[in-house]
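To start, the structure itself, in structure tokens.
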Amino acid sequence: MLLWPTINYSLLSSERAELAADTSRAGREALARWDVDNKEAFESARAGRMKLGLDLRGGAYLTLEVDVLKLIESSADAEAIDDDFRSIIEETRKATANSDVDVLTVFLEKFRARGKQLVNYFPAAELTEQAVEEKLRRDATGSVDQAMEVLSQRINKYGVSEVSIQKQGSRRLVIELPDEKDTVQMRELLQQTARLEFKRVLMDRRMVKAFYAVDAAYKAYKSGAAPVVVDTAKAADTTAKDVAAADTAKKADTAKTAADTGKANDPYKGLSEDEKGRRIIADFPLSYMVFGSVAANEQSQPQQFDLVGLKINGVTPEQLPEKGIYMFRIPAQKLQEFLKILAIPQVRAAIPAELDILVSANGNATKPGVQPDYYDVYGVAREADLMGDVIEDAYPSFDNSNQPVVMMNMNAEGSDQWARITGANIGNRIAVVMDDRVWSAPTVQGKIPNGSSQISGSFRTEDAMRLAVVLKAGALKAPVQIIEERVVGPSLGEDSIRRGLTSTGISFALIILFMMAYYAVGGAVADVALLMNILLTVAGLAAFGGTLTLPGIAGLILSTAMAVDANILIFERMREELYAGKTLKSAVEQGFSRAWSAILDSNLTNIAGAIPLIIWGSGPIKGFAITLLIGAIITLFTAVVVTRAIFQLLIASGATTLNIGQKRTA
């Protein structure tokens, strides 16, 4: 049932709201149990329900414009820029203001109208007009994709749910933020410059120590006690003494055995599962989310462990391999909780000064197209080894075995630094970090002397394209400007819902009364089809992941009128046949047959009008068009198939005449 997720979400939300209203200890415990028991059902219903637009739900609506002209200006050689170039830039800005025309096309027209050549102003690998134009075109298009990727990552980082980011025209982005009211903070977040960095990956047992240190610091922070300070010198000395202990593979096996068998010292033994879960979260507020694995080398089988299990079973970080291959992960549903703890300054102070804990930008899913199951957690150097502004270009490609890769080129300054960094880290990993999220962490295979790098991995084509977009975040200089901003309060949204439902109910009731009064039994048949039409339209909107907006409700009302119009055409044709003395069966067949062409024409016209609005429209216009399109398609089904089936059932049951409003003859 297409509407079941929407109905189920409404029921579950009401049930949870009732529990949340009880602020007593028993109420909080009941709410916690409810969240555990109904988590999967609630998330599934939430994901599949019909979404409400900002005009019904409330939130912020922002239109942003990527300043492609600024990108063109900053791409030019600073020493080559003259008064003519500046004049062309200004003329282009005036010509493209308050419009969505292609900025680069206008710039090139004005540039060449003055007899100028691109090769005299723009550096390129090939100094030809075509090569420079192709690079500018590629950068201009990529700047919009890059802005979309960066903004999406920033918004999701701060836990704004169900955000919608869509392209509008050639250089604009439309962002809808449900329930968001702090537009000042969001404005600052969206307009800040992307920060791309390359950092060494530091994945060893120091990570385990850091997780435990964060646990202690967060507990101290919550209790108001003095902050925990890590003595990194002492920790380093202890580590140095432990390194000489034994073979790392043996340590991995020992840790695994201890984690599996050392249950005797379990401090939670004898507690109920609920009480044990609460105690563990209280004692290990960060570590309880983290699951890890370690292998002595690439040929060894990774040994799985969880940090709480290590602590319970008396396994210290020093018993883990010092130079093993470590991996850490957190469940996707714990991401915001994990980031929230790490964002607290008093907690971050507990992490060793040379180390930073970051999370992957993209989650890992069991199969494409579904929500991620987990995120990788990385330990990286606190200070960046290289900034992303040295990247001149990045683009997806394929290697000799036809596997997707990303090609990256740096400027002269970056090439020198990159050669030094890669030469000193052969066999180690370097993370690509943007806005404190790790996008990739490839292993350095050898020294790269010329700044031209190939990044490979288990990429899909779309993964390579996204990574290329991210890498260019440090190279492209196209700022983003907010050109429109609207905020809809929740009270206004509730009022819109109430008025929309009221108007829909009144229009539906009037149509039902009119049809029954004018067409009698035929009107009742049409009303049944009309009810099915509305249900199928709403269900179709939910099934295709559409969003119901106030204009969408208007489209629903219009679809209702179109469905009635189709039935009126059919009934009038049937009346003519009955007046001509035809039998009921013949009148029904002829009525549907002769009205079909007019019904098809009218609905195809509506469909043809809705499609361009969906493709090129946005916001309220698009919401109206989607509902109109779905309604027109379903009208062809309900007005012809459903009503005809009902009439055929009535005839099969023995009816020889039906009152469809025709005048009785003497």
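Throughout, read-outs are computed from the coordinates displayed, never taken from laboratory work. Because the structure is a prediction, the values reported are computed rather than measured. Neighbour counts run over all protein chains shown; Cβ positions are idealised from the backbone, glycine included.
Computed values, structure above
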read-out	value
Euclidean distance of C-alpha centroids, segment 451-465 and segment 48-68, integer Å	32
Under the Debye formula (equal points on every Cα, no solvent term), log10 I(q)/I(0) of segment 55-94 at q = 0.15, 0.25, 0.28, 0.33 Å⁻¹	-0.49, -0.89, -1.01, -1.17
Neighbour net charge for residue 215 - beta-carbon separation under 14 angstrom, K R +1, D E -1	+3
Sequence-distant aspartates and glutamates (8 or more away, or on other chains) whose Cα lies within less than 19 Å of residue 209	231, 237, 242, 283, 306, 318, 322, 354, 356, 376
Two-site FRET efficiency, residue 593 against residue 649, from Cβ-Cβ distance with R₀ of 25 Å, rounded to 0.05	0.85
Added length on full extension, which subtracts the Cα-Cα distance from 0.36 nm per residue, residue 364 to residue 129	80.3 nm
Translational D in µm²/s for the chain (Stokes-Einstein at 10 °C, 1.306 mPa s, Kirkwood Rh from C-alpha pairs)	53
Fraction of antiparallel bridges per DSSP, the chain only, in percent to nearest 5	95
Alpha carbon convex hull of segment 489-652, projected area averaged over orientations, nm²	9.9
222 nm mean residue ellipticity, helices alone, for the chain (DSSP H n ≥ 4; -39,500 (n - 2.57); rounded to 500)	-18000 deg cm²/dmol
Pairwise label distance in nanometres, residue 273 with residue 544, each label 7 Å out on the Cα-Cβ vector	4.3
Sparsely packed GluC sites (Glu not before Pro) within segment 295-386, loop by DSSP, other Cβ within 10 Å at most 10	298
Span from the segment 84-107 Cα centroid across to the segment 431-450 one, whole angstrom	37
